[in-house]
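Heads up: the structure comes next, in structure tokens.
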Amino acid sequence: MSVVVASPDDLVNAVARDRRMIGYRVRRQGDGWIELEVVAQRARMPVLIVLAWPEVWRDAELLKPHLVRARSGNYTLICVGNDAEIEEARLDVMPADADVTAVVAPIGMTRLLLTLRARAEAISQRMACATLELELERSRHENDMLISIGRALSQERDIQSLLAIILRRACEVTNADAGSIYVVEGSDEEVANRKLRFAVSQNDSRTLPPAGFTMPVTASSIVGQSVLSGDRINVPDLYALAEPGTGNNPWGFIHDRSFDDKYRYQTRSVLAVPMISARAEVIGVIQLINKRAKGWITLDLPNDFDSGVVPFDDVSEAYIFALSSQAGIALENVLLYEEVKTLFDGFVKAAVSAIESRDPTTSGHSERVAQLTVGLAKAVNRSESGHYREVRFSRDDLTQIEYAALLHDFGKVGVREHILVKAKKLYEHEREMILQRFQLIKRGYKIEGLESKVQYLMESSREATAEKLITVDRDIVGKIAELDDIIKFILQANEPTVLEQGGFERIAEIASKTFTDDHGTTGPFLSHDEASCLQIKRGSLTEQERLEINSHVVHSFQFLSKIPWSRTLRDVPEIAGAHHEKLDGSGYPKALRGDQIPIPARMMAISDIYDALTASDRPYKKAMPSEKALDIVASEVKRGQLDSALFDVFLQSNVWQITQPKK
């Protein structure tokens, strides 16, 4: 006789006695319902099937918890009753997201088993699909995270910031409580001299001192072993390691607990992964410590390390392996960038030295202008008000400004050296020639006097001769005194200061005087060129010499334009070539106006003028007090030549004090 299930008791008896239901067990039961548990092939967790009779599914309150569970994924509700009861209850209007079906009872065991098997298989497939979707979503999230990490690593060029990003992301993806990164110093060819520098660290459970020490690369440490082997090392529990070389300790590690004892910490699970460059060299190691168990945030008490720390699993290893591959390339790129930057910094400094070697009078000027200009740019970055409150200079922009300022006078290599170093209105050989000429004139006067005396002695009486000799001596002394006064005036006029009132005319008067040399040739006291130089109203340069000095800006632009600058430094020639431009168009070499002048060039113009006025290394002038120099710069601002908003920042942020001697 076939078995028929009509009531909960019939189902309980069938599960207990019918061999066909070996895979089922009664998990729970209540009035009018029974919960069966079955392990489906595709499911990773038990499938729960509840069969409920009319006394349950007719009562909304009794049915409610079963409907809630029917939305959980591994749970299905089967309503049992006759056709009339099922039609009357309208089970077809139950929530669509609940796994609910119905069977008509009494029901034979074969039909019941087929129904249960079908529901279990449906749940199994649904759970498998949900698991796949979850894994797919997790993989998509992990891929997106690795892509974002790669993007962040590729954009960062500061080594310490880069290492901090690598470590932070490594701890995030593995849920590590702590970690550190060691950078290998020295190459594979210098194995004996290689060292590990403890570069960065973090610990979510303890506040630790900053990194910085170095240690040799040896097999006695986990990171050292990782460097030497070029492979990852995963220690499930450092505290549970057996004796070196035995059991679970094939590496031979001996854990030094001094750090743990000092900070009340326990270094349990450890994962060390090498960072390998494109040249297959280990250039660093990521070491992660204490993978936290699910639900743990910090590890504080000693017992927390027993239950809150788990070994780093295969998924963690896979994440860190992928991250270390990215990190190795990124670190190598940053190290190469640093090498190139160091090389280029050396080139720039060598270029500045070349400039200063040709013009020692301006030694240090380029460096000070760079300090002032970069300082002004940083002050603009900090400004929250004013015309430039929205202007911000990036780190690359600041580097570009620094290089442009350091090289702004490089064009002086194209200016003739004697003009470049001209300290006074006359060149030294011109001054000496004038002095020698006046010595010749003096000697001529003396010879004329002697000749007059001889003539008087030969032609006049003794009484008359004595009187004439006195007159001749007096005349010679007067002429010599006049020459000495002229020489004194010429030497004063030779200084690169403002020519005194009437000086222009007196130089012209001196130049109009003549003398006759030993050969009877008549010449002027001062040549036309000499007089023109001495008549320079301010400074030491003639107009032609000034034009040649000014041409250094053109030379700077042309020279710097020949350098294949990177994209972040491509404006260096334009900035350096515009530092003598004025807002009103009175500058040179292009007479640019207003916004035609790059903002960094406007900043450099202020810095350049201020430093030139306050410099103490100029032999042709004394250093001007800062207050007076600022007044002169302010006067150029009022005339509309310099940027007033930038000068306000220069003053208010005390940028001008950057190059002041430290007290």
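Show the residue pairs meeting these rules: Cβ distance below 6 Å; 6+ apart or different chains; first residue within segment 144-162 and assigned by TED's automatic domain parsing to the domain that holds residue 323; second residue surrounded by 14 or more Cβ atoms within 10 Å (Cβ to Cβ) and at pLDDT below 75.
162/156
Among 180, 220, 226, which is surrounded by 14 or more Cβ atoms within 10 Å (Cβ to Cβ) and either assigned to a loop (DSSP other than H, G, I, E, B) or aliphatic (A, V, I, L, M) (or both)? Don't jump to the end; show me each part of the working.
Values: 180 fails: either assigned to a loop (DSSP other than H, G, I, E, B) or aliphatic (A, V, I, L, M) (or both); 226 fails: either assigned to a loop (DSSP other than H, G, I, E, B) or aliphatic (A, V, I, L, M) (or both).
Being surrounded by 14 or more Cβ atoms within 10 Å (Cβ to Cβ) and either assigned to a loop (DSSP other than H, G, I, E, B) or aliphatic (A, V, I, L, M) (or both) holds for just one of 180, 220, 226, which is 220.
Among what's in segment 93-132 and is in a helix (DSSP H, G or I) and charged (D, E, K, R), pick the residue that is surrounded by the most Cβ atoms within 10 Å (Cβ to Cβ).
119
Surrounded by 22 or more Cβ atoms within 10 Å (Cβ to Cβ), under 17 Å from residue 185 (Cα atoms), of a type outside the set (Phe, Trp, Tyr) and more than 22 Å from the chain's Cα centre (by Cα): which single residue out of 320, 286 fits that description?
286
Only one of these is touching a helix residue (DSSP H, G or I) at 6+ places or on another chain (Cβ under 9 Å), under 27 Å from residue 398 (Cα atoms), part of a helix (DSSP H, G or I) and at pLDDT 85 or above: 350, 354, 370, 330. Name it.
Result: 370 is the single residue among 350, 354, 370, 330 that is touching a helix residue (DSSP H, G or I) at 6+ places or on another chain (Cβ under 9 Å), under 27 Å from residue 398 (Cα atoms), part of a helix (DSSP H, G or I) and at pLDDT 85 or above.
Where residues in segment 497-542 are at pLDDT below 85, of a type in the set (D, E, K, R) and within 57 Å of the chain's Cα centre (by Cα), which of them is nearest to residue 486 (Cα to Cα)?
Here the residue is 500.
Of all residues in segment 326-373, which are over 21 Å from the mean Cα position of the chain (by Cα) and among the aliphatic types (A, V, I, L, M)?
The answer is 350, 351, 352, 354, 355, 369.
Pull out all pairs, ordered by first then second residue, where Cβ-Cβ is under 8 Å, the residues are six or more apart or on different chains, the first lies in segment 236-247 and is in a loop (DSSP other than H, G, I, E, B), and the second is among the basic types (Lys, Arg) and surrounded by 10 or more Cβ atoms within 10 Å (Cβ to Cβ).
From segment 236-247, the pairs are 237/268.
With segment 530-609 as the region, which helices (runs of 4 or more DSSP H) entirely inside it contain at least 2 residues that are of a type in the set (S, T, N, Q)?
543-550, 552-561
Would you confirm whether or not segment 626-640 contains a residue that is closer than 28 Å to residue 395 by Cβ, assigned to a helix (DSSP H, G or I) and among the polar types (S, T, N, Q)?
no
Residue by residue through segment 262-294, note down the ones that are closer than 16 Å to residue 223 by Cα and without any contact (Cβ under 8 Å) to a residue 12 or more places away in the chain.
The initial filter retains those residues of segment 262-294 that are closer than 16 Å to residue 223 by Cα, namely 267-276, 281-290.
Matches in segment 262-294: none.
Take the residues in segment 557-572 that are touching a residue at least 12 places away in the same chain (Cβ under 8 Å) and polar (S, T, N, Q); name whichever of them is farthest from residue 398 (Cα to Cα).
Within segment 557-572, the match that is farthest from residue 398 (Cα to Cα) is 558.
Being at pLDDT 85 or above and either loosely packed, with under 10 Cβ neighbours inside 10 Å or more than 20 Å from residue 205 (Cα to Cα) (or both) is the filter here; which residues of segment 242-261 pass it?
Within segment 242-261, 258 is the sole residue that qualifies.
Which of the residues that make up segment 44-83 are assigned to a helix (DSSP H, G or I) and touching a residue at least 12 places away in the same chain (Cβ under 8 Å)?
54, 55, 56, 57, 62, 66, 67, 69, 83
With the condition being among the small types (Gly, Ala, Ser), surrounded by 15 or more Cβ atoms within 10 Å (Cβ to Cβ) and free of Cβ contacts under 8 Å to residues at least 40 places away in the same chain, I'd like the helices (runs of 4 or more DSSP H) fully within segment 409-511 carrying at least 1 qualifying residues.
Result: 428-459.
Yes or no: segment 539-552 includes at least one residue that is buried (at least 19 other Cβ atoms within 10 Å of the Cβ), under 21 Å from residue 373 (Cα atoms) and not assigned by TED's automatic domain parsing to the domain that holds residue 639.
Yes, some residue in segment 539-552 is buried (at least 19 other Cβ atoms within 10 Å of the Cβ), under 21 Å from residue 373 (Cα atoms) and not assigned by TED's automatic domain parsing to the domain that holds residue 639.
Return the residues of segment 374-391 that are within 23 Å of the chain's Cα centre (by Cα), in a loop (DSSP other than H, G, I, E, B) and in contact (Cβ under 8 Å) with a residue 12 or more places away in the chain; say none if nothing qualifies. Outline the logic, then answer.
Of all residues in segment 374-391, those within 23 Å of the chain's Cα centre (by Cα) come to 374-384, 388-391.
When the remaining residues are screened for being in a loop (DSSP other than H, G, I, E, B), the result is 383-384, 388-391.
Result: 383, 388, 391.
Given the residues 572, 637, which is the only one that is surrounded by 14 or more Cβ atoms within 10 Å (Cβ to Cβ), over 23 Å from residue 407 (Cβ atoms) and at pLDDT 90 or above?
Matching residue, one of 572, 637: 637.
Among 238, 228, 196, which is in contact with a Phe, Trp or Tyr (Cβ under 8 Å, 6 or more places away or on another chain), farther than 18 Å from residue 332 by Cβ and hydrophobic (A, V, I, L, M, F, W, C)?
238
Among the residues in segment 63-86, are any in contact with a Gly (Cβ under 8 Å, 6 or more places away or on another chain) and not assigned by TED's automatic domain parsing to the domain that holds residue 171?
Within segment 63-86 (the criterion being in contact with a Gly (Cβ under 8 Å, 6 or more places away or on another chain) and not assigned by TED's automatic domain parsing to the domain that holds residue 171), the answer is no, since none of the residues qualifies.
Report, by residue number, each residue of segment 262-295 that is part of a loop (DSSP other than H, G, I, E, B) and either at pLDDT below 90 or outside the structural domain of residue 172 (by TED's automatic domain parsing) (or both).
Listed by number, the residues that qualify are 277, 278, 279, 280, 281, 294, 295.
Kindly indicate whether residue 350 is over 18 Å from residue 167 (Cβ atoms), touching a strand residue (DSSP E or B) at 6+ places or on another chain (Cβ under 6 Å) and surrounded by fewer than 18 Cβ atoms within 10 Å (Cβ to Cβ).
no
The values are calculated or read from the model by the stated rules, or taken from the named source; none is laboratory data. These figures come from a predicted structure and were not determined experimentally. Cβ: placed from backbone, ideal geometry, glycine included. Neighbour counts: every protein chain shown.
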